[in-house]
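First the structure, in the form of structure tokens, and then the observations on it.
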Amino acid sequence: MQIYDKTYALQGTEGSYSYEALIKYHGGSIEADYNCFDTFEEVFETVISGKARYGILPIENSSTGSITTVFDLLNQHTVNIVGEVTLRITHHLVAPVMTDVANIQTVYSHIQGFEQSKNFFKAHPHLNFIPYKNTALSAKRVSESGREDEAAVASRLAAEIHKLHIIEENINDQNNNFTRFIIISLEDGQTEASDKISIVSVVDHTPGSLYKMLSCFENAHLNLLKIESRPLRGRPWEYSFYIDFEGNLNDENVKRAVDELKYNARTFKILGNYCSGEGK
């Protein structure tokens, strides 16, 4: 029986959006049953080494699109996607003292926080944006500095943890701003309730090859949810395709479709069959 140091590994720290997503996925407080890391790669390595049972990673934002580094790591490493959770992302400008935004000179944030709040920064061109590891660590940094001319883009939870004041609320461009997180593991998370399948595939670099693969979904009447292309290393202008679609691998129709997908692909890998996080 595998003995894990921790149940979860996450990129970020207490108060980060990954931390909030983990609490939501877990269904409540996670106490000390997790370790935090600076990079996505470290989360994968921790799960693969057996030091954590699960890793949680952001993979897609509704405003800024896919987090391509995570897609590349899924292809490089042998892990399974065993779940997902969707979290509403709301950014705030937070600072050590309650002040006016006109008094702020420097703002720290993960690049995603900036990308998702471009209109706010356009409206305040005097702000000097400095990319940082993540939003929660940005909040921690300005809290520790105590400088009245510094602020961070972070969540309300991060502001509470680091005892910061919210000087501008809801600065993200879109109110319906969501990030989808995946849960990875060495285990197989498939159950009878699993309703979403993720694969990665490479097709021949010939006319019609991608069409043949995608036609498998129409032939089987399966709902294609997402397709993402990523460059193949060492093969300029050729791509691997990450695909999400609805289904359960125990279903005979899905099995036939998967067989057809494999037949039309140069390489084919199932990343996971798990429960969609839309309802969580």
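Since every read-out is calculated from the coordinates, none of them should be taken as a lab result. Predicted model, so just to flag it, every value in this text is computed and none were measured. Glycine also receives a Cβ, built like all others from the backbone with ideal geometry; neighbour counts cover every protein chain displayed.
Results, tabulated for the structure shown:
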{"item": "Span from the segment 88-167 Cα centroid across to the segment 234-280 one, whole angstrom", "result": "39"}
{"item": "Set Lys24/Lys51; Lys6/Lys118; Lys226/Lys262; Lys118/Lys196 screened for pairs whose C-alpha atoms are more than 30 Å apart", "result": "Lys6/Lys118; Lys118/Lys196"}
{"item": "Whether the chain is rounded, prolate or oblate, judged on the alpha carbon gyration tensor where a/c under 1.5 counts as rounded", "result": "prolate"}
{"item": "The chain: antiparallel DSSP beta bridges as a percent of all, rounded to 5", "result": "75"}
{"item": "Relative contact order %, segment 93-139, counting alpha carbon pairs below 8 Å whose residues are six or more apart", "result": "49"}
{"item": "Peptides 45-53, 211-219 ordered by average Cβ neighbours within 10 Å, highest first", "result": "45-53, 211-219"}
{"item": "3J(HN,Hα) from dihedral phi, segment 172-183, Karplus parametrisation 6.51/-1.76/1.60, rounded to Hz, x for glycine, proline", "result": "5, 5, 10, 5, 8, 10, 10, 10, 9, 10, 10, 10"}
{"item": "All lysines inside 21 Å of Lys163 as judged from Cα atoms, apart from same-chain residues fewer than 8 positions distant", "result": "Lys133, Lys140"}
{"item": "Fraction of beta bridges assigned by DSSP in segment 92-168 that are antiparallel (%, nearest 5)", "result": "45"}
{"item": "Mean Cβ neighbour count within 10 Å, used as a protection proxy, ranking 167-174, 17-24 highest first", "result": "17-24, 167-174"}
